[in-house]
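This report concerns only the one structure given below.
The values are calculated or read from the model by the stated rules, or taken from the named source; none is laboratory data. Keep in mind that this is a model prediction, so the values were computed, not measured. Glycine also receives a Cβ, built like all others from the backbone with ideal geometry; neighbour counts cover every protein chain displayed.
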């Protein structure tokens with residue numbers, strides 16, 4: 001909390017400085033129209049680099065997005081404490097997306113057009129990302145997006161550092177079939193694009209494994225009356241539930257599941273969205289023995305991750321704060337951005353994008369690499385089983401990071417990329 | 001089939017639980033109380049806080065939430081609504097403002113976050129309430145699964161409805177309330193202290209909202225904005241049932257809950273809510289005054 005007012009306050013001063021410069025530039029006036037542009041650049045180049053930080057600090061999504069903003073600011077503060085990037089301080093301009101895609105669009109325009117930042121870090125939901133995408137594509141700016149998402153996007157103006165479906169599912173489904181011995185999947189999700197695309201990928205994988213899916217059902221986003229759906233699950237004869245349920249519906253779902261007498265040891269919920277934050281919200285006893293697939297869990301037992309958790313808890317001044325996948329991506333993507341800047345030596349969106357291709361960083365979850373073609377991130381798939389303390393036990397993980405394939409639902413493979421540096425090859429769709 | 005009816009019954013009982021308080025404040029007093037959902041939310045937070053600070057379980061939280069919400073209701077009545085009787089649209093705006101105030105009070109922990117003081121259990125985050133373990137261990141009668149928690153909600157709702165009916169139809173206070181419902185001026189002329197009775201009625205309706213909050217906290221997440229969607233469902237039930245009619249509210253909650261449950265099981269939940277809204281529109285077109293109603297005010 002105390003961080004934001006300071007940032008906003010500093011920014012106020014910054015704007016005044018810039019106005020003075022603009023006035024001077026108008027007085028000097030010799031270079032005509034190019035002058036304001038030229039002078040803003042010099043202001044930035046002098047001592048600091050401004051970046052946008054755009055998450056919802058108010059509204060329904062603020063619970064999760066606030067933690068992403070905190071992780072982003074923490075990375076920025078850490079980098080600044082170690083001398084910044086190329087000898088310059090990073091100055092975050094924090095804007096509030098207010099859990100509303102339209103507000104997201106307006107704030108993104110403000111950051112890109114008025115503040116002329118070379119990069120914005122932001123968004124949690126796909127809806128907000130889709131809302132800001134036109135701004136970044138039209139203005140040729142750069143957006144760093146930290147959340148796992150449904151794929152099916154190929155933009156040279158977005159760096160995606162969260163998981164795509166193949167990094168959450170291509171390990172998960174075969175593991176469920178072979179290790180848990182489950183054959184009949186009940187797919188359930190919230191009714192919007194992410195769960196529907198996840199279901200599409202799941203079905204391909206389920207059929208490849210020789211298993212079957214017996215239902216694919218959706219509940220309205222934010223809906224919390226699960227009585228009828230859980231009864232359907234119970235009567236369906238399935239032996240595993242694949243959940244792409246999102247938000248606080250997750251909590252009501254797990255609670256109703258237990259209330260109707262279903263248990264995770266005979267009929268486990270295998271989830272792609274249920275993270276530490278949802279487990280804490282529902283009360284750990286409702287999720288005991290269920291599974292989740294993510295590249296990052298708070299339970300990852302490395303010194304690097306333990307130190308990260310400790311630093312985060314100190315930063316947000318909450319000794320019980322939990323870390324989760326999107327939060328970790330929000331953190332390490334700032335470092336990837338820093339490395340890209342150092343490589344290209346220039347704080348422009350184009351230079352940063354070229355610099356970030358193939359960039360490697362040792363994140364709390366392990367080594368992450370930006371794919372040089374599709375600008376998504378190599379991540380290590382992991383599966384955790386939840387315990388009574390609200391933490392996962394990692395019971396399966398890949399030895400090395402998996403290549404991100406945003407079009408896997410449409411037949412994309414590692415040897416046949418749909419999304420390349422030249423853009424999306426639509427003939428392959 | 002018994003399962004489906006049980007789901008419908010459970011949905012009905014939740015609707016009725018929320019609408020019961022509303023039917024009194026809206027029906028009896030002509031106040032469109034947009035803050036009703038927030039009183040439910042306050043009830044839920046009472047359960048959360050009493051769990052954290054008193055180690056109390058759900059059963060202790062029930063009367064506690066009634067007292068807290070009723071007290072708050074009394075305060076709202078005294079400070080705001082008292083001055084707005086007879087101005088139905090103004091009560092809508094004013095109580096909407098109160099709703100936002102209450103939400104922000106919880107979110108900002110009564111403003112203490114500005115001083116870097118955090119109260120556990122408040123704030124913008126999601127909270128949850130533990131359910132006593134015997135209430136989430138289902139048992140079987142033949143093929144039929146008895147869900148203790150939902151059964152408990154149904155029983156509690158029935159009990160509260162009975163108490164409300166008794167208060168309205170078998171006590172002298174109830175006679176006064178019903179007199180005010182029909183015609184407040186005439187009631188005052190007969191020597192009824194309209195202001196005092198109205199204040200008690202409003203407090204009682206608010207208290208019921210608090211109880212609903214505790215029960216909802218058992219299967220939903222508790223968050224500052226949980227109330228805003230509830231008030232819509234509550235008004236649907238009250239308007240369909242007929243303003244001011246206890247019997248109408250019970251009937252419409254039963255009808256809408258069962259329809260929702262049936263369609264959710266036969267098709268899916270998304271279609272079911274569409275069917276429910278469609279049904280509400282049809283009923284309102286057919287009987288604008290609701291299923292059961294009388295002329296008054």
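Given the structure, is residue A:384 buried (at least 16 other Cβ atoms within 10 Å of the Cβ), outside any strand (DSSP E or B) and either over 17 Å from the mean Cα position of the chain (by Cα) or on the phi < 0 side of the Ramachandran plot (or both)? It would help to see each step written out before you state the result.
On the way: buried (at least 16 other Cβ atoms within 10 Å of the Cβ): yes; outside any strand (DSSP E or B): no; either over 17 Å from the mean Cα position of the chain (by Cα) or on the phi < 0 side of the Ramachandran plot (or both): yes.
Taking the combined requirement at face value, the residue does not satisfy it.
For the residues B:219, B:277, B:202, the requirement of being farther than 30 Å from residue A:236 by Cα and either in contact with a helix residue (DSSP H, G or I) (Cβ under 9 Å, 6 or more places away or on another chain) or more than 14 Å from chain A (Cβ to nearest Cβ) (or both) singles out B:202. Just checking, which of A:71, A:35, A:46 is away from chain B (no Cβ under 14 Å) and modelled with pLDDT under 50? Selected residue: A:35, the only one of A:71, A:35, A:46 that is away from chain B (no Cβ under 14 Å) and modelled with pLDDT under 50. Among the residues of the stretch A:300-323, write down those that are crowded, with 19+ Cβ neighbours inside 10 Å, away from chain B (no Cβ under 14 Å) and in a loop (DSSP other than H, G, I, E, B). A:300, A:323, listed by residue number. Residues in the stretch B:126-148 that are under 27 Å from residue A:322 (Cβ atoms) and facing chain A (nearest Cβ under 7 Å): B:126, B:128, B:130, B:136. How many residues are assigned to a helix (DSSP H, G or I) and at pLDDT 80 or above when one looks only at the stretch B:109-127? Result for the stretch B:109-127: 5. Evaluated against (1) crowded, with 22+ Cβ neighbours inside 10 Å; (2) within 14 Å of chain A (Cβ to nearest Cβ); (3) in contact (Cβ under 8 Å) with a residue 12 or more places away in the chain, residue B:258 falls short on exactly one condition, (1).
Which residues, counting only those in the stretch B:1-50, are in contact with a strand residue (DSSP E or B) (Cβ under 9 Å, 6 or more places away or on another chain) and within 14 Å of chain A (Cβ to nearest Cβ)? Result: B:2, B:3, B:6, B:41, B:44, B:47, B:48.
Among the conditions (1) touching a helix residue (DSSP H, G or I) at 6+ places or on another chain (Cβ under 6 Å); (2) in contact (Cβ under 8 Å) with a residue 24 or more places away in the chain, residue B:245 misses just one, which is (1).
Confirm whether residue A:273 is assigned to a loop (DSSP other than H, G, I, E, B), more than 10 Å from chain B (Cβ to nearest Cβ), in contact with a strand residue (DSSP E or B) (Cβ under 9 Å, 6 or more places away or on another chain) and under 15 Å from residue A:386 (Cα atoms).
Working: assigned to a loop (DSSP other than H, G, I, E, B): yes; more than 10 Å from chain B (Cβ to nearest Cβ): yes; in contact with a strand residue (DSSP E or B) (Cβ under 9 Å, 6 or more places away or on another chain): yes; under 15 Å from residue A:386 (Cα atoms): yes.
Yes.
You will find that of A:214, A:233, the residue that is away from every other protein chain (no Cβ under 14 Å) and over 26 Å from the mean Cα position of the chain (by Cα) is A:214 and no other.
Could you please let me know if residue B:123 is within 22 Å of residue B:61 (Cα to Cα) and away from chain A (no Cβ under 14 Å)? Against the criterion (within 22 Å of residue B:61 (Cα to Cα) and away from chain A (no Cβ under 14 Å)), residue B:123 does not qualify. Here is the figure for the stretch A:255-284: residues that are touching a residue at least 40 places away in the same chain (Cβ under 8 Å) and surrounded by fewer than 17 Cβ atoms within 10 Å (Cβ to Cβ) total 1.
The number of residues in the stretch A:243-261 being in contact with a helix residue (DSSP H, G or I) (Cβ under 6 Å, 6 or more places away or on another chain), more than 9 Å from chain B (Cβ to nearest Cβ) and more than 26 Å from residue B:123 (Cβ to Cβ) comes to 2.
Filtering the stretch B:224-239 to residues that are surrounded by fewer than 24 Cβ atoms within 10 Å (Cβ to Cβ) and more than 11 Å from chain A (Cβ to nearest Cβ) leaves B:232, B:235, B:236, B:239. For residue A:279, the conditions (1) more than 25 Å from residue A:222 (Cα to Cα); (2) in a helix (DSSP H, G or I) all hold with the exception of (1).
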